[in-house]
Amino acid sequence: MRKLLSGTAAARGCAIGRARMRLPHRLEVEATAILAQDIDAEIARFHAAVAQVRSEMRTLRERLQGALTPELGEVVALHALLLDDPELLTGIDTLIRTGPYSADYALRLQRNRITAVFDAMDDAYLRSRIDDIDHIIERLHGALHSHMSALPGVSGDILVTANIAPAELAQLQTQGVVGVVTAGGSPLSHSTIMARSLHLPLVVGASQALLKVKDGDVLVIDGSTGLVILEPDAADLRAHHARMAQARQDRRQLNRLRREPSRTLDGADIKLWANAETREDASEAHALGAAGIGLFRSEFLFLGRNELPDEEIQFRAYRDVVLAMTGRTVTIRSLDLGADKAERSGLVLGQEANPALGLRGVRLSLARAGLLRTQLRAIVRASGYGPVRVLVPMVSAIEEIKAVRSLLATVMDELRTEGREIAPHVPLGTMIEVPSAAVVLPTFIGLVDFLAIGSNDLVQYLLALDRTNETLEALYTPLHPAVLRVMHEVIRVARRRAVPVTLCGEIAAEPDFVPLLLALGLEELSLHPTHLLEVRQAIRGCDLARLRAAAPALLRARTRAGIERWVGAHGISPP
Ligand code: PEP
Ligand code: MG
């Protein structure tokens, strides 16, 4: 029966497809060794997973009390007991310690050992009890990867799942999956960014989806509005076809701007850089006439693999992006991972109660021996093939910039001594996304060659609002007087010192925000290529002098409503 489920728009695009509910966890883990120094953290990660499953089982038992037949009740009780089986758990600790192996791989080895014992049993019933062990092992694996599991997809499917990790999206797209609906998630998460990059329609926060949709149902989704239609009727299908036709027409219209400058009505050229996660993004950016890559999120190179990419792997990836940009500058951001997004990155990070405030970004790069050095070597080597800049994420203090600057100089000397062809100068910039960096900017601006405002995190940290918490979505906005004032001050300091400043958060991709960003003094924006032509169109409809004259009124606004009124009054008239 037809049903409407509402979610939040995340990555735009419409799709029609067959629903595929996320399958349970499967244990297909490759052999993964870990470093000796990470053994204790890995054992702790495993025990945290055991504790999580124990509590899940307890809740399950309580919830099912009286509702199960005695046999089923016994099965649930047995599963809970298995978790306390010393054979199962001690064995895994030993494997992690002596391998030393990742918890996942140790789990798999242990499962294989136990299976061998069960397989040798004569009694078919006893043999089949391996299913119980498997159930527990799958749960443990699920807890180790709270939001990861095997995701077999088929072309034409729309995946419906609780949540999705960035690395999984790429895999889905290669399988021909046409869209994703998640019950949780946020339009600002890295998964959303990845989905946009892949042009994969994504609707997040469709809280009813897991309850209402069944495997094989037909879904129509619209990633621009958050609409999810279950079992569409004839009128829905007609509307879907009309939306697709309109999207094709809009695209044709915008495509005329591919070779036009990003110039305001009064003749000011705005530099439009592209954000990129892959070489394909770079090539799309190039075709659309982006000035260069303003943000290459290198962490995507680290995700979805079980070991760290070495210097050679990184170098080739960066070099290929540089080559794809044929002489336009590529800004490569050093690793921006934290405990919440280091899944299968080859980095073993301890559990953190507050990963957004934890060991992440430049802190992590500086804390792990060799991590930043390897990455800087790879980036600098790529500078032998075209202009490259290094961008440092999550900077909160001058000491971090000094440390990176000094390592960059050492690495450049080293590479020169090795006889490598590298650029004479590799500009170094910092993200301004932690409020402390914005506050002390005048004290370190002399140490950097450029700045990039990361509005996604700046809003999160200034307003103390988790950018991935869907329940806070209505509050999470850059249209807050504090955010505008901080951004304006950063831009003012940068302009006074003639240091280029770009803005590379998601608001740069919103055509409606273009007048506001130009009024604040920005002359450079970096955004995903998918939105580049729309933003160019918006720029071409702006009068820069008029907007700058209206900036004081914008900065005087004391409420969100006041800012929204300003935005409404300075809307873009199509050129
Ligand atoms: C930002 O924080 O605005 C940003 C561009 O970085 P990321 O979204 O990768 O955290
Ligand atoms: Mg950020």
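The values are calculated or read from the model by the stated rules, or taken from the named source; none is laboratory data. All values reported here derive from a predicted model rather than from experimental measurement. Please note: Cβ atoms are built from the backbone with ideal geometry, for glycine as well, and neighbour counts cover all protein chains shown. Side chains included, ligands, DNA and RNA excluded: accessible areas come from the protein's heavy atoms. Shrake-Rupley method; radii C 1.70, N 1.55, O 1.52, S 1.80 Å.
Any residue in the range 354-370 that is within 20 Å of Leu272 (Cα to Cα), polar (S, T, N, Q) and more than 15 Å from ligand 2 (Cβ to nearest atom)?
If we filter the range 354-370 for residues that are within 20 Å of Leu272 (Cα to Cα), which is where we start, we get none.
Checked against the condition, which is being within 20 Å of Leu272 (Cα to Cα), polar (S, T, N, Q) and more than 15 Å from ligand 2 (Cβ to nearest atom), the range 354-370 yields no hits at all.
Does any residue in the range 250-275 that is closer than 17 Å to Ala290 by Cβ come within less than 7 Å, Cβ to Cβ, of a residue that is of a type in the set (Val, Ile, Thr) and within 16 Å of ligand 1 (Cβ to nearest atom) six or more places away or on a different chain, and which pairs are these?
From residues that are closer than 17 Å to Ala290 by Cβ, the pairs are Leu272/Val535; Trp273/Ile293; Trp273/Thr502; Ala274/Ile293.
Checking Ala353 against (1) more than 16 Å from ligand 1 (Cβ to nearest atom); (2) closer than 26 Å to Asn469 by Cβ; (3) outside any loop (DSSP other than H, G, I, E, B), which single condition isn't satisfied?
Looking at each condition in turn, Ala353 falls short on (3).
Quick one: in the range 432-486, of everything that is within 14 Å of ligand 2 (Cβ to nearest atom) and among the charged types (D, E, K, R), which residue is most open to solvent (accessible area, probe 1.4 Å)?
Per the criteria, the residue is Asp466.
Within the range 489-498, count every residue that is touching a Gly at 6+ places or on another chain (Cβ under 7 Å) and buried (at least 17 other Cβ atoms within 10 Å of the Cβ).
First, pick out the residues of the range 489-498 that are touching a Gly at 6+ places or on another chain (Cβ under 7 Å): 491-492, 495.
Next, only the ones that are buried (at least 17 other Cβ atoms within 10 Å of the Cβ) stay: 491.
Of the residues in that region, 1 qualify.
Could you please tell me which pairs satisfy a Cβ distance under 6 Å, a separation of 6+ or placement on different chains, a first residue in the range 395-407 that is within 18 Å of Ala369 (Cβ to Cβ), and a second residue that is open to solvent by 30 Å² or more (accessible area, probe 1.4 Å) and among the hydrophobic types (A, V, I, L, M, F, W, C)?
Ala403/Leu366
If you check every pair at least six apart or on different chains, which have Cβ atoms under 7 Å apart with a residue in the range 217-234 that is on the phi > 0 side of the Ramachandran plot first and a residue that is assigned to a strand (DSSP E or B) and at pLDDT 95 or above second?
Gly226/Val203; Glu231/Val218
From Val426, Val390, which residue is open to solvent by less than 10 Å² (accessible area, probe 1.4 Å) and in a loop (DSSP other than H, G, I, E, B)?
Values: Val390 fails: in a loop (DSSP other than H, G, I, E, B).
Being open to solvent by less than 10 Å² (accessible area, probe 1.4 Å) and in a loop (DSSP other than H, G, I, E, B) holds for just one of Val426, Val390, which is Val426.
Which residue, of Arg97, Arg108, Arg63, is modelled with pLDDT of 70 or more, open to solvent by 40 Å² or more (accessible area, probe 1.4 Å) and out of contact with any helix residue (DSSP H, G or I) (no Cβ under 7 Å at 6 or more places or on another chain)?
On the way: Arg97 fails: out of contact with any helix residue (DSSP H, G or I) (no Cβ under 7 Å at 6 or more places or on another chain); Arg63 fails: modelled with pLDDT of 70 or more.
On inspection, the qualifying residue turns out to be Arg108.
Checking the structure you have, find out if any residue of the range 312-330 is closer than 22 Å to Arg196 by Cβ and within 16 Å of ligand 2 (Cβ to nearest atom).
There is no residue in the range 312-330 that is closer than 22 Å to Arg196 by Cβ and within 16 Å of ligand 2 (Cβ to nearest atom).
Restricting the search to the range 157-178, which residues are part of a helix (DSSP H, G or I), open to solvent by less than 10 Å² (accessible area, probe 1.4 Å) and not acidic (Asp, Glu)?
Initial filter on the range 157-178 (part of a helix (DSSP H, G or I)): 166-174.
Those left that are additionally open to solvent by less than 10 Å² (accessible area, probe 1.4 Å): 168-169, 172.
Result: Leu169, Leu172.
Gln375 fails exactly one of the following numbered conditions: (1) more than 16 Å from ligand 2 (Cβ to nearest atom); (2) more than 22 Å from the chain's Cα centre (by Cα). What is the number of that condition?
(2)
Between Ser383, Ser334, which is within 16 Å of ligand 1 (Cβ to nearest atom) and either buried (at least 22 other Cβ atoms within 10 Å of the Cβ) or within 17 Å of Leu451 (Cα to Cα) (or both)? So that I can check it myself, show each step before the final result.
Working: Ser383 fails: within 16 Å of ligand 1 (Cβ to nearest atom).
Step by step, each of Ser383, Ser334 is checked, and only Ser334 is within 16 Å of ligand 1 (Cβ to nearest atom) and either buried (at least 22 other Cβ atoms within 10 Å of the Cβ) or within 17 Å of Leu451 (Cα to Cα) (or both).
Which condition from (1) modelled with pLDDT of 80 or more; (2) outside any loop (DSSP other than H, G, I, E, B) is the one that Val154 breaks?
All conditions are met except number (2).
Would you say Thr559 is within 15 Å of ligand 1 (Cβ to nearest atom), touching a residue at least 12 places away in the same chain (Cβ under 8 Å) and within 24 Å of Leu465 (Cβ to Cβ)?
Numbers: within 15 Å of ligand 1 (Cβ to nearest atom): no; touching a residue at least 12 places away in the same chain (Cβ under 8 Å): yes; within 24 Å of Leu465 (Cβ to Cβ): yes.
It is false that Thr559 is within 15 Å of ligand 1 (Cβ to nearest atom), touching a residue at least 12 places away in the same chain (Cβ under 8 Å) and within 24 Å of Leu465 (Cβ to Cβ).
Please tell me if Glu399 is open to solvent by 10 Å² or more (accessible area, probe 1.4 Å) and either under 14 Å from Arg363 (Cβ atoms) or in contact with a Phe, Trp or Tyr (Cβ under 8 Å, 6 or more places away or on another chain) (or both). Explain how you work it out, then say what you get.
Numbers: open to solvent by 10 Å² or more (accessible area, probe 1.4 Å): yes; either under 14 Å from Arg363 (Cβ atoms) or in contact with a Phe, Trp or Tyr (Cβ under 8 Å, 6 or more places away or on another chain) (or both): yes.
Criteria met by Glu399.
Given the conditions (1) under 19 Å from Phe302 (Cβ atoms); (2) without any contact (Cβ under 8 Å) to a residue 60 or more places away in the chain; (3) under 20 Å from the mean Cα position of the chain (by Cα), and given that Thr331 satisfies all but one, which numbered condition is not satisfied?
Checking Thr331 against (1) under 19 Å from Phe302 (Cβ atoms); (2) without any contact (Cβ under 8 Å) to a residue 60 or more places away in the chain; (3) under 20 Å from the mean Cα position of the chain (by Cα), the one that fails is (2).
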